[in-house]
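The values are calculated or read from the model by the stated rules, or taken from the named source; none is laboratory data. Keep in mind the model is a prediction, meaning the values are calculated, not measured. Here the Cβ positions follow ideal geometry from the backbone for every residue, glycine too, while neighbour counts run over all protein chains shown.
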Amino acid sequence: MRLHALRLWQFRNYARAELAPSPRVNILLGANAQGKTNLLEAIYYLSALRPLRPVREADLIQWGATEMRLYAQYEIDGLLDDLQMRLPL
């Protein structure tokens with residue numbers, strides 16, 4: 001499977017973010033508490049339909065927001081597909 005695009009809205013510490021990963025190697029750099037693990041958690045949540053860490057699903061929604069949304073475009077065996085998810089409070 002190859003991830004072509006990832007979009008986050010009101011997910012953890014991201015009000016909005018977009019990622020277009022390289023088909024080869026991707027490195028996430030940043031100081032502590034900047035959202036590196038949250039990007040990985042968004043990918044995990046879309047693929048497993050459960051949080052990466054043992055938390056309430058409501059904790060995935062950014063503080064003060066009423067919902068979070070995730071979007072991914074991915075490719076499996078040459079077939080391109082989209083996956084969207086919305087989690088209200």
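At a glance:
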item: Exclusive hit being free of Cβ contacts under 8 Å to residues at least 60 places away in the same chain, surrounded by 10 or more Cβ atoms within 10 Å (Cβ to Cβ) and in a helix (DSSP H, G or I), set 28, 52, 87, 39; result: 39
item: Test: residue in the stretch 1-11 that is at pLDDT below 95 and either under 10 Å from the mean Cα position of the chain (by Cα) or not in a helix (DSSP H, G or I) (or both); result: yes
item: Any hit, the stretch 55-70, residues being of a type in the set (Val, Ile, Thr), surrounded by fewer than 17 Cβ atoms within 10 Å (Cβ to Cβ), free of Cβ contacts under 8 Å to residues at least 12 places away in the same chain and closer than 23 Å to residue 89 by Cβ; result: yes
item: Number of positions in the stretch 12-25 that are part of a strand (DSSP E or B), surrounded by fewer than 12 Cβ atoms within 10 Å (Cβ to Cβ) and of a type outside the set (D, E, K, R); result: 1
item: So residue 73, is it within 17 Å of residue 3 (Cβ to Cβ), modelled with pLDDT of 95 or more and in contact with an Asp or Glu (Cβ under 7 Å, 6 or more places away or on another chain); result: yes
item: Complete set of residues in the stretch 57-84 that are among the aliphatic types (A, V, I, L, M) and assigned to a strand (DSSP E or B); result: 61, 68, 70, 72, 76, 79, 80, 83
